[in-house]
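Participant: Below you'll find the structure I mean.
The values are calculated or read from the model by the stated rules, or taken from the named source; none is laboratory data. Here the structure is a predicted model, which is why all the values come from computation and not from measurement. Cβ: placed from backbone, ideal geometry, glycine included. Neighbour counts: every protein chain shown. Keep in mind that these areas ignore ligands, DNA and RNA; they rest on the heavy atoms of the full protein, side chains included. Shrake-Rupley method; radii C 1.70, N 1.55, O 1.52, S 1.80 Å.
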Amino acid sequence: MITEAQARSALDAVIDPELDEPITDLGFVRSLEVSGASVTVHLRLPTSFCSPNFAYLMASDAKDALSALPGAGEVAVFLDDHHDSDLINRGLAADAGYRGTFGDEAEDSLADLRAIFRRKAHTAAMERVLTALLRANRELREEDLHDVVLGDLPPGAATAALLRRREALGLDTAPSAFVLVDDDGNRYPRSEVPLRLRFARSIRISIDGNSHFCRGLLRTRYPESAADQSPVKEKVS
């Protein structure tokens, strides 16, 4: 047997790939029912035309997270009110996988899709900690960020988030590792630091803006979802 608290905790680890936030914080979990070892979850999204790729990835991750719980039996995950709900729900029920669900319509492998958004999440997390350093030390110049290592970062949620993003990409998480790196862990030339920081900031602003927009759309579509959304955590802007 598993408990509702265990199931909820498992869903907390399921991340919207585009918004880089847990689906539980966003209010995407419409209902959760636990009966003995069986779990049934219904998910909802801000619009009926949200990307089918993202919708499937979240629903599939939710099923995987719940199925991995010790003692879990039958796990059923349903996506409600989406234009591809029937297709996605059939694929989930049959454990058909991404390509088995979408067939010729599958644009990329699920691993490729996930990797794209992991890289974006890392870039945004990197920008948050570096911008925070600049604000905390007005004598620090953008070019000086070239030499900042993980050990220079203050403890806290932003640093912890960056370490998780680096680990997901297989990047070095040692205190001596440089912070400002590309997706493969390579340092940028010092002269490019201001440009790279601006690029990273544009990605972070895009993610944060989309999150705010999607939260509002969900509340408009499902007014009751406001009670299920967690307050937006303070972020560097």
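Participant: Give the peptides 120-133, 25-38 in descending order of average Cβ contacts within 10 Å, highest first.
Facilitator: Result, highest mean first: 120-133, 25-38.
Participant: Sticking with this one: For region 1-105, what is the percent of antiparallel DSSP beta bridges, rounded to the nearest 5?
Facilitator: If I count the DSSP bridges inside region 1-105, around 60 percent turn out antiparallel.
Participant: Given that compact globular proteins tend to follow 2.2 N^0.38 Å, what is the ratio of the alpha-carbon Rg of region 1-50 to that value?
Facilitator: The reported ratio for this selection is 1.21.
Participant: Moving on. 5 Å is the cut-off here: which amide hydrogens, built 1.01 Å from N in the peptide plane, fall below it relative to Arg30, excluding neighbours closer than 5 in sequence?
Facilitator: Excluding prolines and chain starts, which carry no amide H, the hits are His42, Leu43, Arg44.
Participant: Output the relative contact order of region 1-126, whole-number percent, from Cα pairs under 8 angstrom with separation of 6+ residues.
Facilitator: 23 percent
Participant: Right, here's the next one. Would you list Asp182, Asp16 from the most to the least accessible area, probe 1.4 Å?
Facilitator: Asp182, Asp16
Participant: Taking only DSSP H segments of four or more residues, each worth -39500 (n - 2.57), what value at 222 nm results for the chain once the sum is divided by all its residues, to the nearest 500 deg cm²/dmol?
Facilitator: -15500 deg cm²/dmol
Participant: Please figure out what share of the DSSP beta bridges in the chain is antiparallel and state it in percent, rounded to the nearest 5.
Facilitator: 65 percent
Participant: Full extension from Ala93 to Ser38: what is 0.36 nm times the residue separation minus their Cα-Cα distance, to one decimal in nm?
Facilitator: Full extension of this stretch gives 18.4 nm more.
Participant: Pairs of alpha-carbon atoms within less than 8 angstrom and 6+ residues apart define the contacts here; what relative contact order does region 19-93 have, in percent?
Facilitator: Once normalised by length, the contact order is 31 percent.
Participant: Moving on to the next point. How much length is gained if the chain between Glu192 and Asp112 is pulled fully straight, taking 0.36 nm per residue apart and subtracting their Cα-Cα distance, in nm to one decimal?
Facilitator: Computed gain between Glu192 and Asp112 is 26.0 nm.
Participant: Sticking with this structure for a sec: Using a 1.4 angstrom probe on heavy atoms only, work out the carbon and sulfur share of the accessible area of the chain in %.
Facilitator: It is 52 percent, rounded to a whole number.
Participant: Something else: Quick one: what do you get for region 5-112 if you divide its Cα Rg by 2.2 N^0.38 Å?
Facilitator: 1.00
Participant: In addition: Multiply the residue separation of Phe49 and Asp86 by 0.36 nm, subtract the distance between their alpha-carbon atoms, and state the gained length in nm to one decimal.
Facilitator: Gain on extension, Phe49 to Asp86, equals 12.0 nm.
Participant: Take Glu167, Glu224, Glu142 and sort them by solvent-accessible surface of the protein heavy atoms, 1.4 Å probe, largest at the top.
Facilitator: Glu167, Glu224, Glu142
Participant: Which whole-Hz ³J(HN,Hα) couplings does region 209-216 yield from phi under the Karplus relation 6.51 cos²θ - 1.76 cosθ + 1.60, θ = phi - 60°, glycine and proline marked x?
Facilitator: x, 5, 4, 4, 5, 5, 4, x
Participant: Quick one: compute the contact order of the chain, relative version, from alpha carbon pairs under 8 angstrom and 6+ residues apart, as a percent.
Facilitator: With pairs under 8 Å counted, the relative contact order is 22 percent.
Participant: Mind putting together the pair-distance distribution for region 184-237? All Cα pairs, 10 Å bins, whole percent per bin, short to long.
Facilitator: Result, from short to long distances: 20, 34, 24, 15, 7, 0 percent.
Participant: Between region 108-169 and region 27-57, what is the C-alpha centre distance in whole Å?
Facilitator: After rounding, the separation between the Cα centres reads 29 Å.
Participant: I'd like to check one number: the per residue accessible area of region 1-128, probe 1.4 Å, reported in Å² as a whole number.
Facilitator: On a per-residue basis, 43 Å².
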